[in-house]
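The values are calculated or read from the model by the stated rules, or taken from the named source; none is laboratory data. Remember, predicted model here, so these are calculated numbers, not experimental data. Note: ideal-geometry Cβ built from the backbone for every residue, glycine included; neighbour counts use all protein chains shown.
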Amino acid sequence: MTCQVDAVFFADCAARSFFDQVANKWSVMILTLLTEKPTRFNEIRRRLEGITHKALTQALRRLERNGLIARKVLDTSPVAVEYSITELGRTLQVPFGAVYEWSIKHLHEIEQAQAAYDERYEA
């Protein structure tokens, strides 16, 4: 029996790489935050409750590497860094917005499913 595998599931697929690097909670939140205005590192960190310095640094680097945000060193004392969303990054507003709207619309159903699952598997 031969198993047909869609190319998107291959480890070296560009789409899979994108999902690994960008489609995670911190990246989505960072991109959403940056749609408002360019923002400094520490302000991003303050606004994203629960993110560590390391996780924010890693997420910002991934987003910059993928061309979704731009990093600008500000000539201030002390030196500060500001991040802004690129035009490519802005193209994600519609799909991310759709996922957000879906989650709000179906939140009650999701919570019901979680409660049912937890009830079935609690010891």
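Among the residues of the range 77-123, the ones that are under 22 Å from LEU33 (Cβ atoms) and either loosely packed, with under 10 Cβ neighbours inside 10 Å or of a type in the set (Lys, Arg) (or both) come to 5 in all. Checking LEU88, LEU33 one by one, the residue that is free of Cβ contacts under 8 Å to residues at least 40 places away in the same chain, closer than 23 Å to ALA14 by Cα and in a helix (DSSP H, G or I) is LEU88 and no other.
Against the list (1) modelled with pLDDT of 95 or more; (2) over 22 Å from ALA98 (Cβ atoms), the condition GLU87 fails is (2). Residues in the range 67-76 that are out of contact with any Leu (no Cβ under 8 Å at 6 or more places or on another chain) and either at pLDDT 90 or above or at positive phi (or both) were compared, and the one that is surrounded by the fewest Cβ atoms within 10 Å (Cβ to Cβ) is ASP75. Among the candidates ARG62, ARG46, ARG120, the residue that is touching a helix residue (DSSP H, G or I) at 6+ places or on another chain (Cβ under 9 Å) and not in a loop (DSSP other than H, G, I, E, B) is uniquely ARG62.
Yes/no matrix, rows are residues, columns are (1) touching a strand residue (DSSP E or B) at 6+ places or on another chain (Cβ under 8 Å); (2) without any contact (Cβ under 8 Å) to a residue 24 or more places away in the chain; (3) aliphatic (A, V, I, L, M):
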| site | (1), (2), (3) |
| --- | --- |
| GLU49 | no, yes, no |
| LEU60 | yes, no, yes |
| ALA80 | yes, no, yes |
| PRO95 | no, yes, no |
| SER103 | no, yes, no |
| GLU109 | no, yes, no |
| ALA115 | no, yes, yes |
| GLU119 | no, yes, no |
